[in-house]
Amino acid sequence: MCGRFVLYSSKERIADRFGVDPSSLNLITHWEARYNIAPSTHCLIVRPSDLGWREMVTVSWGLLPHWAKSAADRRYINARGETVFEKPAFRAAARHRRCLVVADGYYEWKAAGGRKVPYFFSMTDEQPFAMAGLWDSWERERDRIESFAIITTKANELSTAVHDRMPAIIKPEDYELWLDNKAADPARLASLITPYATTSMQCWTVSNKVGDPKNETPDLIKSVK
């Protein structure tokens, strides 16, 4: 699973990296580096706008399906890539409301001797990357909640020593297809949800302080022995 991640790149860098229309930067009025993003908080995603270009918006992490009876219903932080086009909670969004969840890295925990050791994963080129996501919009009377989930897949060779799952990371050359909500062929889209290349990633152990979402300092991603 993926339960915590970080994003410290500037919104200008992200806009350039992900081909976002510069005008959508104005939608992000409050921006700060974040080193311990947890479920239920608002996070940045990239998605197609109604006008066809890509926009950056912040939505709540924890998918609330549009058909949910109330805002208190179950939220989904992750969706398994193997079943995302079949499960009732995800299938409509997986076909028509896909997004890129922007990150500079993420955390995963390894069970070791009765305790859990946190690891930080990022790209070897230090660039922000895109986790496969899907979003939905729930509306009742005057209430409207936009939310998302991160799609997971089997771990690659680097990740498997820590956990058997990892976020599905979309390659830059596949952004256009993933964000094309008219492309609803599950088989073609599922081919993008695969373990990312091990040689493009790096990881190391980090402080147990990351376990508390109240901790939000840059030292959380530093290697510890």
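The values are calculated or read from the model by the stated rules, or taken from the named source; none is laboratory data. Just so it is clear, the model here is predicted, and its values are computed rather than measured. Every residue, glycine among them, receives a Cβ derived from its backbone with ideal geometry; neighbour counts consider all protein chains shown.
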*Pick from region 1-23, criterion in a strand (DSSP E or B) and among the hydrophobic types (A, V, I, L, M, F, W, C), ranking: nearest to Ser40 (Cα to Cα)*: Phe5
*Determine, yes or no, whether Gly19 is farther than 18 Å from Glu216 by Cα, in contact (Cβ under 8 Å) with a residue 24 or more places away in the chain and in contact with a Pro (Cβ under 7 Å, 6 or more places away or on another chain).*
no
*Looking at region 1-14, which of its residues are under 14 Å from Val102 (Cβ atoms) and touching a Lys or Arg at 6+ places or on another chain (Cβ under 9 Å)?*
Cys2, Phe5, Val6, Leu7, Tyr8, Ser9
*Can you find even one residue in region 27-44 that is buried (at least 18 other Cβ atoms within 10 Å of the Cβ), within 14 Å of Leu100 (Cα to Cα) and not β-branched (Val, Ile, Thr)?*
yes
*asked:* Between a residue in region 1-15 that is under 17 Å from Ile28 (Cβ atoms) and among the charged types (D, E, K, R) and any residue that is buried (at least 19 other Cβ atoms within 10 Å of the Cβ) and modelled with pLDDT under 95, which pairs come within a Cβ distance under 8 Å, given they are 6 or more apart or on different chains?
replied: Lys11/Leu44; Lys11/Met56
*Under 6 Å between Cβ atoms, at least 6 apart or on separate chains: pull out the pairs that start in region 60-83 with a residue that is among the small types (Gly, Ala, Ser) and end on any residue that is part of a loop (DSSP other than H, G, I, E, B) and surrounded by fewer than 18 Cβ atoms within 10 Å (Cβ to Cβ).*
Gly62/Ser40
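Table: residues versus (1) modelled with pLDDT of 95 or more; (2) hydroxyl-bearing (Ser, Thr, Tyr); (3) closer than 27 Å to Val206 by Cα.
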position	(1), (2), (3)
Asp136	yes, no, no
Ile151	yes, no, yes
Ser159	yes, yes, yes
Glu173	yes, no, no
*Considering each residue of region 105-121, count those that are over 12 Å from Ser207 (Cβ atoms), touching a strand residue (DSSP E or B) at 6+ places or on another chain (Cβ under 9 Å), of a type outside the set (Lys, Arg) and surrounded by fewer than 21 Cβ atoms within 10 Å (Cβ to Cβ), and give that number.*
2
